[in-house]
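The values are calculated or read from the model by the stated rules, or taken from the named source; none is laboratory data. Model, not experiment: these values are computed from the prediction. Here the Cβ positions follow ideal geometry from the backbone for every residue, glycine too, while neighbour counts run over all protein chains shown.
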Amino acid sequence: MILESALLDVLPGQEDEFLAAFAEARPLIAVQRGFRSLELRRCLDEGRGSRFLLQVEWETLADHTEGFRGSAEYQQWRDLLHRYYQPFPEVEHYGEPVLRA
């Protein structure tokens with residue numbers, strides 16, 4: 001299992017529009033080969049209400065980097081969501097946990 005992680009800094013004042021667009025975009029990723037789950041969390045720290053943490057579980061790295069990103073659905077995802085980010089998020093991928101408590 002691979003965990004994709006991205007901090008999404010949404011343009012201030014556009015959080016509600018972003019969340020509505022994300023709700024529309026979610027089914028586009030959910031039908032992808034290797035998709036397992038998705039979580040979107042809003043930052044609770046003062047002054048950070050426009051920051052969201054996106055975490056997506058994939059079966060393999062290629063399911064995300066080649067499958068989803070190479071799909072027609074990704075183009076729709078991009079059209080719906082990418083206009084809300086400033087700066088554009090850095091996406092990172094993580095493997096299996098090396099420690100659990």
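Does residue 57 satisfy the criteria of being over 17 Å from residue 32 (Cβ atoms), in contact with a strand residue (DSSP E or B) (Cβ under 6 Å, 6 or more places away or on another chain) and of a type in the set (D, E, K, R)? Before the answer, list the steps.
Values: over 17 Å from residue 32 (Cβ atoms): no; in contact with a strand residue (DSSP E or B) (Cβ under 6 Å, 6 or more places away or on another chain): yes; of a type in the set (D, E, K, R): yes.
When the stated conditions are applied, residue 57 does not pass them.
So how many residues does region 10-25 have that are part of a helix (DSSP H, G or I) and surrounded by 10 or more Cβ atoms within 10 Å (Cβ to Cβ)?
Going through region 10-25, the residues part of a helix (DSSP H, G or I) turn out to be 15-25.
Pick out the ones that are also surrounded by 10 or more Cβ atoms within 10 Å (Cβ to Cβ) and you get 15, 17-25.
Total satisfying the criteria: 10.
How do the strands (runs of 3 or more DSSP E) wholly within region 26-101 filter down when requiring 3 or more residues that are in contact (Cβ under 8 Å) with a residue 12 or more places away in the chain and either among the aliphatic types (A, V, I, L, M) or touching an Asp or Glu at 6+ places or on another chain (Cβ under 7 Å) (or both): which remain? Reasoning before the result, please.
Details: elements: 35-42, 51-58, 91-94.
Output list reads 35-42, 51-58.
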Of all the residues that make up region 73-88, how many are in contact with a strand residue (DSSP E or B) (Cβ under 7 Å, 6 or more places away or on another chain) and surrounded by fewer than 16 Cβ atoms within 10 Å (Cβ to Cβ)? 2
So is residue 6 surrounded by 12 or more Cβ atoms within 10 Å (Cβ to Cβ), in a strand (DSSP E or B), under 14 Å from the mean Cα position of the chain (by Cα) and in contact (Cβ under 8 Å) with a residue 60 or more places away in the chain or not? yes
Residue among 47, 70, 95 that alone is surrounded by fewer than 17 Cβ atoms within 10 Å (Cβ to Cβ) and at pLDDT below 95: 47
